[in-house]
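Input: a single structure, listed below in structure tokens.
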2 protein chains.
Amino acid sequence: MARKPLRLDQFMPYRLSVAANRVSGAVASAYDRLFALSVPEWRVIAVLAESEGATQNAIGQKTAMDKVTVSRAAISLAGRGLIERSPNPRDGRSHMLSLSREGRNLYRRIAPKALELEADIFSVLSQEDLARFREALDHVARKAAELSGKRD
Amino acid sequence: MARKPLRLDQFMPYRLSVAANRVSGAVASAYDRLFALSVPEWRVIAVLAESEGATQNAIGQKTAMDKVTVSRAAISLAGRGLIERSPNPRDGRSHMLSLSREGRNLYRRIAPKALELEADIFSVLSQEDLARFREALDHVARKAAELSGKRD
DNA sequence: GTAAATTGGTTTCAATTGTTACCAGCTTCA
DNA sequence: TGAAGCTGGTAACAATTGAAACCAATTTAC
């Protein structure tokens, strides 16, 4: 590979980080403003909307969030009546989580907003560029995970 | 735009965030392990290597870091003798920062490692895909910043 | 020239985040 | 069985982060 000088503003990890921070800042502030939800809370809701009755553990797997983070989000959501916890018949330690009616209603209001916001931000890319971008992200993420010895 | 259901694992802000976290996790842990530097500290050093005698303010601008973050990094680096602060003749409140000899030496050792790591992670993309990816990131970041009313 | 508003930088404080320790409950295996 | 180890989830703690208050130096406006 050709020797090139290091310039911070050309350094990919830096750029990626700045871009991701901007995007997740915009998204997070929208969730918070519109629905008083943190990002982890929103993720938990999104997963439950897709797959009813997941355990916290399962949610953690799916979302690449730490189990502590999931736990906190779940406690807070349950406190607000947005999700319900029923005992897991297969395992006395864990609960099956599911959306309450209220939670489902909230989700129905959030989902379109989220898609709209996504469309808004990523509309700067053509359909094809977006597809490539998506793939590139995937490859890069996988490689980085591999380098730091993370299970994927 | 076609109505599509919301699936978290297809949701771009989510994917971007996961990818960026993985990459910056890998990078951060390498800096820490090899040179005992945090990411902000590393960024300050990188900027100073390019442009001697910047003020903290200028560094903040360039790196999209908060002034508090820059301040803390600068204090810590000065404490370790990696940078020097000379009074700014143009403004009595601020200091001109520059790398000490030691700092410059450290930089000379870090830079190749950083480039190597970058090459390693992003080698999963072809030269052309990388160029596109870079551009896409840029567009997306700009758009997100615009949406949340940030100066760019 | 001086009061008012602004800006570079640091400190203080509160909120978020991850790490470690911990407590059931479950499994394994003798 | 029942002791030893594992796993889901929570709690307690420490470290990071950013926001707001703050200080001193500077600029602006009268």
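Ranking A:P89, A:N105, A:Y14 by how far each Cα lies toward the positive end of the dipole of chain A (charges on Cβ) leaves A:Y14 at the top.
For the pair B and A, the buried accessible area comes to roughly 5900 Å² in total, with a 1.4 Å probe and the value rounded to the nearest 100. Residues B:E50, B:E118 ordered from highest to lowest accessible area at a 1.4 Å probe: B:E50, B:E118. Remark: spin-label model distance A:E52-A:E146 equals 4.0 nm, labels positioned 7 Å along the Cα→Cβ axis. Each Lys and Arg contributes +1 and each Asp and Glu -1, all at the Cβ; summed about the Cα centre of the stretch B:29-116, the dipole is approximately 80 debye. In this structure, A:D32 and A:S86 have a Cβ-Cβ separation that, at R0 = 35 Å, corresponds to a calculated FRET efficiency of about 0.75. Annotation for A:K4 and B:K67: the two label points, set 7 Å from Cα along the Cα-Cβ direction, are 3.4 nm apart. Do any residues of the stretch A:113-133 lose at least 30 Å² of accessible area when the full set of protein chains is present rather than just their chain alone, and if so which, with a 1.4 Å probe? Listed in order, they are A:L115, A:E118, A:D120, A:I121, A:F122, A:V124, A:L125, A:R132, A:F133. Normalised per residue, the accessible area of the protein assembly as shown is 54 Å², obtained with a 1.4 Å probe and no contribution from ligands, DNA or RNA. Leaving out ligands, DNA and RNA, and with a 1.4 Å probe, what % of the accessible surface on the protein assembly as shown is carbon or sulfur? C and S fraction of accessible area: 49 percent.
The values are calculated or read from the model by the stated rules, or taken from the named source; none is laboratory data. Remember, predicted model here, so these are calculated numbers, not experimental data. Cβ atoms come from the backbone with ideal geometry, glycine included; neighbour counts cover every protein chain shown. Calculation scope for accessible area: heavy atoms of the full protein, side chains included, ligands and nucleic acids excluded. Shrake-Rupley method; radii C 1.70, N 1.55, O 1.52, S 1.80 Å.
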